Amino acid sequence: MKRKVYIKKSQAGEVMKYKAVIIGGSAGSFQVVTKILSALPVYFPLPMLLCFHRLKHVRSGFVEALSLKSQIPVLEPFDKEQLKPGKAYLAPANYHMYVELANRIALSTEDTVNHSRPSIDLAFITAANAYRDKLIGIILSGANKDGAFGLKKVHDNGGLTVVQDPNECEVKMMTQSALQLTKVDFVYTTNQIINLLLQLK
Amino acid sequence: MNELGIIHIKEIERTIKSMHEYDFSGYAMTSFKYRLERLMMKYNIQEPEHLIKKIQDEPDFFDNFLFDISIPSTEMFRDPSLWRWLREEYFTESIGKNPGKFKIWLPLCVSGGELYSLAILLSELELLEQVQIIATSISATSIDIIKTGQYDLKKIAVSEENYNRANGIKELSTYYTIDRYYAYLDTSLIKNVEFNKVNIIFDHSPQNVKLILFRNSLIYYNPSLQESILGLLHSSLSAGGHLIVGIKEINSFRDFEIVNEAESVYKKKPGR
């Protein structure tokens, strides 16, 4: 089967210069993000932000599990940590993760949003504010509408929006909510998402 | 509601600074903006100009502002493993050794969650009489609420789970009553606590403090204010005094050594 991946081209016809990728998900997304991380090259050119619903009181284990098969380092950032290309930043347990000015992470203990801390909406909204049209937002499988509004903000700011194909999702609610709210750029299978990410420069 | 622009936020900061002794310019932009937007929603303020006018014209509103801009702790006994460590290792070892009152400072109280957690723990260790707790807040409203014991009902369930995971020796429900809207914590726990209102940079901070509990507040500052507040906390501690911050707040800092890395417990280096 011929793989065809579409990516926004600038007028010069070059692959548009994105500055960050953000991925959100909850139930059923662990296998998907593991597969994505294992397929990325060690020299992945952008910082990757990961926001997944997780148990509030379990601080360890998640980042270790994601690291096992990942080619790029996966870490739970400290507050005001500088975002760097080729690293994946996982929102720590019981904190919201924001993108702050000057390409830094900011953590927060604000109230839950959509019953969630970390909230995918807050991570996506702040990333969209920081990166505007230079952001790729991806929503994966999940059992909650968190992330739908955040993805809309990515879209409204001119960023590229991708939703995992609900037919492939273990739990469809998160992707379907996102699709209801936003006319997204792509509805992709995991393999197509990987192909998209591999084209980034 | 419209999103606040940076220009509006800076204007709000300037207005506050010119009228009151509070300088929010060192607050981290993203969370401060989010908090301002929430506050405007709560008071049904549509335009930033109206918020500025309200701050200028209504002196009573400003304490509400200080209350609403502050972010309360998420729950009681957050990070149960820290509280377990305090219970089983830290307090029994450190308080026993010290003649006189053991001074503990909570610099930025908002909802009282940390304060009551601490008081419950010390009371169960029968050490409450041996400590002097100083609780400061930027908001008089916060202090009033904490003194009544009023606490967010929807945080009680998770607090209860945390208390049990932290090896609390009773039931958390021993310490509160509830009505339809709130939990009311047992105020006898805090009867000896000294409360003070402070500004953002903690003028007149207490001295010779043995333990500072300052968790998940530094995250609301930008790096340069973080640095200066840490310097100030350092000077408040007695030699060998301990500082506990939030789990993911600070990677490392000079003038402190790590005592418990997993729980973010630091110790002032001797001779500094």
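So which residues in the stretch B:241-261 are at the interface with chain A (Cβ under 8 Å from one of its Cβ atoms) and in contact with a Leu (Cβ under 9 Å, 6 or more places away or on another chain), if there are any at all? Once the filter is applied, which keeps residues that are at the interface with chain A (Cβ under 8 Å from one of its Cβ atoms) and in contact with a Leu (Cβ under 9 Å, 6 or more places away or on another chain), the stretch B:241-261 yields B:G246, B:I247, B:K248, B:E249, B:I250. Against the condition crowded, with 22+ Cβ neighbours inside 10 Å and either touching a helix residue (DSSP H, G or I) at 6+ places or on another chain (Cβ under 8 Å) or hydroxyl-bearing (S, T, Y) (or both), how does B:A119 come out, does it pass? Here the answer is yes, as B:A119 does meet what is asked. Residues of the stretch B:84-109 that are within 14 Å of chain A (Cβ to nearest Cβ), surrounded by fewer than 24 Cβ atoms within 10 Å (Cβ to Cβ) and not charged (D, E, K, R): B:W85 alone. Scanning the stretch B:191-240 for residues that are under 15 Å from the mean Cα position of the chain (by Cα), within 14 Å of another protein chain (Cβ to nearest Cβ) and hydroxyl-bearing (S, T, Y) yields B:S217, B:Y220, B:Y221.
B:L213: in the same structural domain as B:L122 (by TED's automatic domain parsing) and either at pLDDT below 95 or closer than 30 Å to A:N103 by Cβ (or both), yes or no? It is false that B:L213 is in the same structural domain as B:L122 (by TED's automatic domain parsing) and either at pLDDT below 95 or closer than 30 Å to A:N103 by Cβ (or both). Can you pull out every residue in the stretch B:38-85 that is among the acidic types (D, E) and under 20 Å from the mean Cα position of the chain (by Cα)? Across the stretch B:38-85, the qualifying residues are B:D63, B:D68, B:E75, B:D79. Report yes if A:A143 is among the aliphatic types (A, V, I, L, M) and over 14 Å from the mean Cα position of the chain (by Cα), otherwise no. Here the answer is yes, as A:A143 does meet what is asked. Filtering the stretch A:85-104 to residues that are more than 9 Å from chain B (Cβ to nearest Cβ), outside any loop (DSSP other than H, G, I, E, B) and aliphatic (A, V, I, L, M) leaves A:A88, A:L90, A:M97. Among all residues of the stretch B:91-106, there is none that is closer than 22 Å to B:S173 by Cα, of a type in the set (G, A, S) and either assigned to a loop (DSSP other than H, G, I, E, B) or in contact with a strand residue (DSSP E or B) (Cβ under 8 Å, 6 or more places away or on another chain) (or both). Taken over the stretch B:149-181, residues that are within 14 Å of another protein chain (Cβ to nearest Cβ) and of a type in the set (S, T, Y) amount to 2.
Annotation: of all residues in the stretch A:35-55 being within 14 Å of chain B (Cβ to nearest Cβ) and in contact with a helix residue (DSSP H, G or I) (Cβ under 7 Å, 6 or more places away or on another chain), the one that is farthest from B:P80 (Cα to Cα) is A:L49.
Among the residues that make up the stretch B:140-148, is at least one of them within 14 Å of another protein chain (Cβ to nearest Cβ) and either within 17 Å of B:F77 (Cα to Cα) or of a type in the set (D, E, K, R) (or both)? No, the stretch B:140-148 contains no residue that is within 14 Å of another protein chain (Cβ to nearest Cβ) and either within 17 Å of B:F77 (Cα to Cα) or of a type in the set (D, E, K, R) (or both). Is it the case that B:Q150 is under 26 Å from B:A239 (Cα atoms) and modelled with pLDDT of 95 or more? Here the answer is no, as B:Q150 does not meet what is asked.
Just so you know, in the stretch A:108-141 the residues that are part of a strand (DSSP E or B) and in contact with a strand residue (DSSP E or B) (Cβ under 8 Å, 6 or more places away or on another chain) include one that is surrounded by the most Cβ atoms within 10 Å (Cβ to Cβ), and it is A:G137. Cβ-Cβ contacts under 7 Å between residues 6 or more apart (or on different chains), taken from a first residue in the stretch A:121-138 that is acidic (D, E) to a second residue that is crowded, with 23+ Cβ neighbours inside 10 Å, are listed as A:D121/A:D146; A:D121/A:G147; A:D121/A:G150; A:D133/A:G159.
In the set B:P223, B:P270, only one residue is without any contact (Cβ under 8 Å) to a residue 24 or more places away in the chain and over 23 Å from B:L121 (Cα atoms); that residue is B:P223. A:A65 passes every criterion in (1) surrounded by fewer than 22 Cβ atoms within 10 Å (Cβ to Cβ); (2) more than 24 Å from B:W83 (Cα to Cα); (3) facing chain B (nearest Cβ under 9 Å); (4) not acidic (D, E) apart from (3). Among the residues making up the stretch B:132-142, those that are buried (at least 21 other Cβ atoms within 10 Å of the Cβ) and not polar (S, T, N, Q) are B:I133, B:A135, B:I138. Can you say whether B:R78 is within 11 Å of chain A (Cβ to nearest Cβ), closer than 30 Å to B:E227 by Cα and not β-branched (V, I, T), as far as the supplied structure shows? Spelling it out, B:R78 is indeed within 11 Å of chain A (Cβ to nearest Cβ), closer than 30 Å to B:E227 by Cα and not β-branched (V, I, T).
The values are calculated or read from the model by the stated rules, or taken from the named source; none is laboratory data. Computed from a predicted structure; not experimentally measured. Here the Cβ is made from the backbone with ideal geometry for all residues, glycine too, and neighbour counts use every protein chain on show.
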